[in-house]
Amino acid sequence: MKRLRNLIFVLGDQLTPQISSLKFGDSRLDRVLMVESMEEATYVGHHKKKIAFIFSAMRHFAEELRETGWRVDYIDFNHLENRGGFIAQLEHAIKQCRPENLIVTEPGEWRVLQMLKQLKVTILPDDRFLCPIADFKRWAEGRKQLRMEYFYRDMRRKTGLLMAGEKPAGGVWNFDAENRRPARADLLMPRPKIYPQDDTTRAVLGLVASQFGNHFGDIEPFNYAVTRSSAEEAFENFLEFALPSFGDYQDAMLIGEPFLYHSVIAQYLNCGLLDALTVCRRVEAAYTSGRVPLNAAEGYIRQVIGWREYVRGIYWLKMPDYAEVNFFDHQQPLPDFYWSADTDMGCIRATVEQTKEYAYAHHIQRLMVTGNFAMLAGVNPQRLHEWYLSVYADAYEWVELPNTLGMSQYADGGMLASKPYAASGAYINRMSNYCESSVYDVKLRTGKQACPFNSLYWNFLNRHRDKLASNPRIGNMIRTYDKFSVSEREKIAASSAEFLAKIF
Ligand code: DLZ
């Protein structure tokens with residue numbers, strides 16, 4: 001029997017026909033292998049919707065490849081030859097078809113890269129990202145601080161996005177100061193497009209309900225896009241209806257409005273159904289044709305070519321040590337209400353309920369509600385990282401880990417963020433209507449009725465003053481704390497201790 005030339009292994013977040021491994025191969029000579037893996041679905045207990053989304057998108061992608069002439073060995077979850085994990089599956093496939101070469105595009109996770117290195121495999125760069133890992137390493141070399149803003153400006157120059165010659169469109173690089181408007185409940189909200197389930201998705205939903213019924217999250221309603229064409233349509237819907245107001249309201253939070261003006265396309269981008277540069281060019285075109293304001297277009301493009309590329313660079317620069325950082329030495333467990341939503345705090349209840357239902361929350365809900373609370377309460381950052389990685393449909397370690405440990409928990413001591421994103425209840429109250437549904441009073445600092453974020457916030461600053469006093473942005477708040485009367489400081493300590501004793 002003639003030996004197979006290349007066996008091309010395509011991972012669940014590599015659903016891109018132009019990915020380097022497929023570009024390298026030839027559909028007439030080579031074979032593709034894809035596998036639904038128990039190990040991948042359970043190394044953290046992913047949300048039911050996340051598993052269903054990935055499996056359904058993988059099955060549709062296998063069909064897309066077959067339609068263009070590829071031979072695809074798709075090992076579904078119940079396949080008799082399913083070996084449960086990547087390495088066992090690859091070893092089995094190598095024995096069976098004796099390929100001359102095993103080809104894979106570099107995975108998005110350090111864990112998977114280590115696994116693959118056990119085999120004789122050609123690993124190709126993932127050129128769906130705009131900044132190759134080696135370029136990021138060069139950019140980082142010799143810099144004291146790795147600030148996203150400077151990286152982002154280089155990416156604007158490199159891509160030419162929103163540039164007027166050498167200068168940024170509109171004369172400034174960043175319009176964030178304009179992007180902090182609280183939303184009003186009477187605004188007419190756009191809605192992400194709803195996609196009816198097809199037979200493939202229905203089969204996957206049945207599989208997930210039976211195999212992963214004990215995982216977090218609701219399986220129904222499930223109406224995500226699971227094909228490239230529907231993901232593109234979902235993005236077009238965002239461009240037309242939500243992007244014009246995205247800038248103004250991107251930090252706002254409202255009960256019953258999980259999506260507001262957000263695109264909700266990160267899960268499509270991160271599994272390869274959408275392409276980052278194409279998305280940004282469409283946003284830029286919407287701005288140049290006068291359909292959306294510059295603050296919206298710039299804010300959106302910054303997330304994609306700035307923040308998204310930057311955190312990936314940091315991940316590959318700093319792993320594996322980065323996974324262990326714990327600057328504040330926080331050791332508390334994750335409170336049960338991160339799974340149950342059973343809490344009197346309206347903001348956390350709304351965010352966790354929404355996370356259960358949609359496997360989605362936007363960046364301010366993640367950063368300033370669940371992330372902020374965990375840091376103030378002293379939750380171990382690694383436990384929080386596992387939670388984010390499992391509950392959000394867009395979460396893969398390369399993007400989630402630096403966002404959680406660096407940005408949200410300041411667990412790297414300020415390498416990624418210039419200050420801890422710590423805030424009292426006043427911030428959440430300014431940006432949302434959550435406090436209306438809370439049994440606590442956001443105006444009170446201490447006592448049983450006071451919003452717990454308030455005493456926890458001041459207690460956090462005092463507890464970590466040695467580590468934070470020299471930070472110009474936080475030091476002022478510590479000096480404010482120091483002006484409180486002795487009895488006020490005692491009340492803060494008592495209120496936060498009482499609350500923490502209740503939840504841990
Ligand atoms: C996240 C995930 C899940 C839940 N399941 C699979 C799977 O069954 N098969 C697969 O190829 N990939 C899956 N993934 C995505 C992988 O975990 C992902 O490729 C790594 O996290 C590297 O980014």
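The values are calculated or read from the model by the stated rules, or taken from the named source; none is laboratory data. No experiment lies behind these values; they were computed from the predicted model shown. Using ideal geometry, Cβ is built from the backbone for each residue, glycine included, and neighbour counts are taken over all protein chains shown. We work out accessible area using only protein heavy atoms, side chains counted, and drop any ligands, DNA or RNA first. Shrake-Rupley method; radii C 1.70, N 1.55, O 1.52, S 1.80 Å.
Here are a few things to note about the model shown:
- Members of segment 441-489 found to be touching a residue at least 12 places away in the same chain (Cβ under 8 Å) and of a type in the set (S, T, N, Q), listed by number: T446, N454, S455, N459, N462, N471
- For segment 263-281, filtered to residues that are farther than 11 Å from T16 by Cβ and assigned to a loop (DSSP other than H, G, I, E, B), the residue that is least open to solvent (accessible area, probe 1.4 Å) is I265.
- The residue of segment 389-406 that is nearest to the chain's Cα centre (by Cα), among those that are more than 10 Å from the ligand (Cβ to nearest atom) and more than 22 Å from P132 (Cα to Cα), is Y392.
- Of all residues making up segment 282-314, the number that are among the charged types (D, E, K, R) and part of a loop (DSSP other than H, G, I, E, B): 1
- Qualifying residue in segment 70-93 (condition: surrounded by fewer than 16 Cβ atoms within 10 Å (Cβ to Cβ), out of contact with any strand residue (DSSP E or B) (no Cβ under 9 Å at 6 or more places or on another chain) and more than 30 Å from A323 (Cβ to Cβ)): yes
One line per residue, one yes/no per condition, for (1) assigned to a loop (DSSP other than H, G, I, E, B); (2) crowded, with 24+ Cβ neighbours inside 10 Å; (3) charged (D, E, K, R):
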| residue | (1), (2), (3) |
| --- | --- |
| Y410 | yes, yes, no |
| G413 | yes, no, no |
| E436 | no, no, yes |
| R445 | yes, no, yes |
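- Close pairs from segment 45-62: first under 12 Å from A393 (Cα atoms) and open to solvent by 20 Å² or more (accessible area, probe 1.4 Å), partner within 6 Å of the ligand (Cβ to nearest atom) and modelled with pLDDT of 95 or more, Cβ under 9 Å, at least 6 apart: I54/G12; I54/D13; I54/E36; I54/E40; I54/A41; I54/H46
- Selection count where residues are at pLDDT 95 or above and not in a helix (DSSP H, G or I), scope segment 449-504: 6
- Restricting the search to strands (runs of 3 or more DSSP E) fully inside segment 1-118 and requiring at least 1 residues that are within 14 Å of the ligand (Cβ to nearest atom) and among the acidic types (D, E) gives 71-75.
- Residue check, V399 open to solvent by 10 Å² or more (accessible area, probe 1.4 Å) and closer than 30 Å to D126 by Cα: yes
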